[in-house]
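Read through the structure below, which is laid out as structure tokens, and then see the notes.
Where a number appears in this text, it was derived from the coordinates with a stated rule and is not lab data. Everything quoted here is computed from the prediction, not taken from an experiment. Using ideal geometry, Cβ is built from the backbone for each residue, glycine included, and neighbour counts are taken over all protein chains shown.
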Amino acid sequence: MRVDVVSIFPDYLTALDLSLVGKARRAGLLDLRVHDLRDWTTDRHRTVDDTPFGGGAGMVMRPDVWGHALDDVLPEGGGGHLVVPTPSGDVFTQRHAEALALEEHVVFACGRYEGIDARVAERTRAAGHRVSELSIGDYVLNGGEVAALVMIEAFGRLLPGVVGNPHSLVEESHGAAGLLEYPVYTKPPAWEGFEVPEVLLSGHHGRVERWRRDRALERTAARRPDMVAALDPQALDKVDLAVLGELGWSVRDGRLRPSAEAAPGPVAE
Ligand code: JB8
């Protein structure tokens, strides 16, 4: 897979030399190239920003500099995929990571200041490329670099051959099960007075699996009620439904709902 990142702070991306993504690059699974946007400036001061039309605070990244950069980095004639990290984008999820891991070539345009002139995305789409404006969550960074790092790490570990044991990819949080992960423990069995739950030492595989499932359901109900509401009740067993029942969830009209939530009744005139 080929990935290009364009930024005025290319050094931010040096973290991608490390760990799994670095291993993927050295193994030839990921061809990652980082570019300095200022290489496409033409003035003596290497200017990348200008004042916003309509007024307001801050500066906006100039379309002409970005246009020249993207002309050089996106595939000629269209068919590329441009990802623009922005707090106003669709929220990036594991589903986006899975889809990006299947792509042949992705380009990241990392903005700074108040963002990139909106005509850059418009013109890139008009040239026949896909453009995805994506947010990594409801908070604001100073630029797109860290968001690009997050997305590249998320799909980089899904590239075939990057994670040693593909089994470790199937059970994890935000996988197909739609549940958060259960808590994990290692040696020693007692540490500073805190003990590993007895069942995990029992060697009873069936009881371990059930315990883990119950903890996953409990955690998900406590931390992510939105994920419980999105579960398919048909994919749950009787014990799952009993555990969720204890946690205040029941099935109504084929969907999981908080048991206390009032059923829609007749509306008074
Ligand atoms: C200027 O919060 B973010 C983000 C913030 C930004 C830009 C891009 C992304 C560009 N500020 O993900």
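A few comments on the model shown:
- Peptides ranked, highest mean first, by Cβ atoms within 10 Å: ranges 172-179, 201-208: 172-179, 201-208
- In terms of Cα atoms, the Rg and Dmax of segment 1-153 work out to 15.0, 49 Å.
- Ellipsoid fit via the Cα gyration tensor, the chain: semi-axes of 43, 26, 17 Å, each the root of five times an eigenvalue, largest first.
- Sequentially through segment 215-230, phi angles give Karplus couplings (6.51, -1.76, 1.60; θ = phi - 60°) of 5, 5, 5, 4, 4, 5, 5, 6, 9, 9, x, 4, 6, 5, 4, 8 Hz, Gly and Pro residues having no value and appearing as x.
- For the listed peptides 116-127, 24-35, 183-194, a ranking on the average number of other beta carbons within 10 Å per residue, highest first, reads 116-127, 24-35, 183-194.
- Across segment 134-151, coupling constants 3J(HN,Hα) worked out from phi with the 6.51/-1.76/1.60 Karplus curve, θ = phi - 60°, read 10, 10, 8, x, 8, 7, 10, 9, 7, x, x, 4, 5, 5, 5, 4, 4, 5 Hz, and Gly and Pro carry x.
- With all projection directions averaged, the alpha carbon convex hull of segment 176-250 covers 5.9 nm².
- Rounded to whole numbers, the Karplus 3J(HN,Hα) couplings from phi for segment 249-257 are 10, 9, 8, 9, 6, x, 10, 6, 9 Hz, using 6.51 cos²θ - 1.76 cosθ + 1.60 with θ = phi - 60°, and x at Gly and Pro.
- Its Cα gyration tensor gives segment 98-139 an equivalent ellipsoid, and the semi-axes of that ellipsoid, as √(5λ) in whole Å with the largest first, are 19, 17, 8.
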